[in-house]
Amino acid sequence: VIVTTGLEPNQETLRHARQLAERFGLPLVERGDASLVSLRQRHGCEHLLVVTAKGASIQSAQEKPLFFHPNTAALRIKRLERGDTDIMLSVCQIQPGDTVLDATLGLGADAIVFAYAVGERGRVIGVESERLIALLVEDGLQTWQSDSPGLQQAMRRIEVLNRSHLDVLREMPDRSVDVVYFDPMFERMVMASSGIQGLRPFANDAALTEESVSEALRVARKRVVLKEGKSGRLHERFGLIPYRTRQHQVVYSYREALGGE
Ligand SMILES: C[S@@+](CC[C@H](N)C(=O)[O-])C[C@H]1O[C@@H](n2cnc3c(N)ncnc32)[C@H](O)[C@@H]1O
């Protein structure tokens with residue numbers, strides 16, 4: 001992967017591109033007037049990270065560009081600020097100061113809502129197995145400018161780990177986080193309008209494994225929570241209890257951690 005900019009970048013875009021390349025140890029290639037096709041050919045890479053005034057994006061030959069965006073998190077945080085509840089936070093029984101392991105970070109919308117809710121004393125660790133997504137999202141979380149201080153501060157607090165969640169969970173001590181949260185790709189196939197469609201070509205769509213769930217139950221102090229599409233049956237396979245909601249697009253389910261609270 002190489003980092004480059006759009007055509008005729010301004011100073012801010014150049015600074016962002018330099019920072020992105022440095023942070024991840026990637027080569028920065030001056031765009032000049034080269035087309036993306038010729039840059040890909042010249043550097044022998046399938047994907048490019050292209051920085052423009054709209055932020056960084058993954059540009060590949062076959063797919064639409066993928067930009068970071070806080071997606072549903074912006075609206076959900078606005079609602080929380082008005083005093084509404086958020087179903088995901090309720091299922092997870094999130095309290096200020098909690099530590100959450102978001103085992104399937106994706107574009108990070110859920111992680112941002114967790115980070116807002118746990119506040120400055122809390123901690124959100126977002127695990128993403130796919131390098132390009134992890135790069136794009138870590139950069140976006142650190143650089144996205146928002147009019148909402150709550151949203152922006154939440155984004156800045158998320159720690160991104162570019163690893164497979166099973167490897168991360170296996171290394172974690174018993175009862176070392178409050179909640180482990182899974183929102184696997186495979187279980188979201190049916191959700192055409194979920195705002196994660198652009199992610200699909202770059203995402204890991206392997207199914208959630210029994211071992212990951214049992215490691216999560218060991219690592220969590222409170223709960224392990226799963227989000228899946230409305231026709232998902234994973235919760236039955238793993239013995240998770242569905243949380244009844246009026247939001248029919250998704251099913252949240254949970255299981256108390258081993259040893260409970
Ligand atoms: C449905 S998306 C998550 C969307 C996310 N909750 C959000 O709000 O944007 C699932 C993500 O988990 C990642 N993933 C799948 N299996 C994984 C694994 N074993 N370890 C870490 N990340 C994984 C995928 O690459 C994908 O980016």
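With touching a His at 6+ places or on another chain (Cβ under 8 Å) and either touching a residue at least 24 places away in the same chain (Cβ under 8 Å) or in a loop (DSSP other than H, G, I, E, B) (or both) as the only criterion, which of Val91, Val51, Val37 stands out?
Step by step, each of Val91, Val51, Val37 is checked, and only Val51 is touching a His at 6+ places or on another chain (Cβ under 8 Å) and either touching a residue at least 24 places away in the same chain (Cβ under 8 Å) or in a loop (DSSP other than H, G, I, E, B) (or both).
How do the pairs read when you match residues in region 175-195 that are farther than 14 Å from Ser164 by Cα and polar (S, T, N, Q) with residues anywhere that are near the ligand (Cβ under 9 Å from one of its atoms) and at pLDDT 55 or above, using Cβ under 7 Å and keeping only pairs 6 or more apart or on different chains?
Here the result reads Ser194/Arg188, each pair linking region 175-195 to a residue that is near the ligand (Cβ under 9 Å from one of its atoms) and at pLDDT 55 or above.
Looking at Ile125, Ile77, Ile112, which one is under 25 Å from Val50 (Cβ atoms) and either crowded, with 17+ Cβ neighbours inside 10 Å or acidic (Asp, Glu) (or both)? Write out each step before concluding.
Values: Ile125 fails: under 25 Å from Val50 (Cβ atoms); Ile77 fails: under 25 Å from Val50 (Cβ atoms).
Checking each option against the conditions leaves just Ile112.
I'm trying to understand the selection: among the residues of region 134-185, which are buried (at least 17 other Cβ atoms within 10 Å of the Cβ), under 24 Å from Phe202 (Cβ atoms) and charged (D, E, K, R)?
Listed by number, the residues that qualify are Glu138, Asp139, Asp183.
Restricting to region 110-128, what's the tally of residues that are of a type outside the set (Phe, Trp, Tyr), within 27 Å of Ala206 (Cα to Cα) and in a helix (DSSP H, G or I)?
Total meeting the criteria: 5.
Residue-by-condition table, conditions (1) within 9 Å of the ligand (Cβ to nearest atom); (2) modelled with pLDDT under 95; (3) farther than 30 Å from Gln19 by Cα; (4) touching a Gly at 6+ places or on another chain (Cβ under 6 Å):
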| residue | (1), (2), (3), (4) |
| --- | --- |
| Leu89 | no, no, yes, no |
| Glu138 | no, no, no, no |
| Leu151 | no, no, no, no |
| Phe182 | yes, no, yes, no |
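Given the conditions (1) closer than 16 Å to Thr72 by Cβ; (2) touching a Phe, Trp or Tyr at 6+ places or on another chain (Cβ under 8 Å); (3) within 13 Å of the ligand (Cβ to nearest atom), which single one is not true for Val113?
Tallying (1) closer than 16 Å to Thr72 by Cβ; (2) touching a Phe, Trp or Tyr at 6+ places or on another chain (Cβ under 8 Å); (3) within 13 Å of the ligand (Cβ to nearest atom), Val113 fails exactly one: (2).
Just to check your reading of the model, which residue among Leu7, Leu107, Leu101 is under 21 Å from the mean Cα position of the chain (by Cα), at negative phi, part of a loop (DSSP other than H, G, I, E, B) and modelled with pLDDT of 95 or more?
Leu107
Among all residue pairs at least 6 apart or on different chains, which show Cβ distances below 7 Å where the first residue, located in region 1-27, is within 17 Å of Leu132 (Cβ to Cβ) and the second is among the acidic types (Asp, Glu) and surrounded by 15 or more Cβ atoms within 10 Å (Cβ to Cβ)?
Close Cβ pairs (under 7 Å, with a partner that is among the acidic types (Asp, Glu) and surrounded by 15 or more Cβ atoms within 10 Å (Cβ to Cβ)) amount to Leu20/Asp139.
Going by the conditions given, is Arg131 under 21 Å from Phe67 (Cα atoms), of a type in the set (Lys, Arg) and surrounded by fewer than 18 Cβ atoms within 10 Å (Cβ to Cβ)?
yes
Only one of (1) under 25 Å from Pro201 (Cα atoms); (2) assigned to a loop (DSSP other than H, G, I, E, B) is not met by Asp84, so which one is it?
If we test Asp84 against (1) under 25 Å from Pro201 (Cα atoms); (2) assigned to a loop (DSSP other than H, G, I, E, B), just (1) comes out false.
Residue check, Glu30 against (1) of a type in the set (Asp, Glu); (2) in contact (Cβ under 8 Å) with a residue 12 or more places away in the chain; (3) not in a loop (DSSP other than H, G, I, E, B), all met but one. Which one?
(3)
Output yes when any residue across region 50-59 is basic (Lys, Arg) and at pLDDT below 95, and no when none is.
Yes - at least one qualifying residue is present in region 50-59.
The values are calculated or read from the model by the stated rules, or taken from the named source; none is laboratory data. On a predicted model such as this, the values are computed, not experimentally measured, just so you know. Quick reminder, even Gly has a Cβ in these numbers, built from the backbone with ideal geometry, and neighbours come from all protein chains shown.
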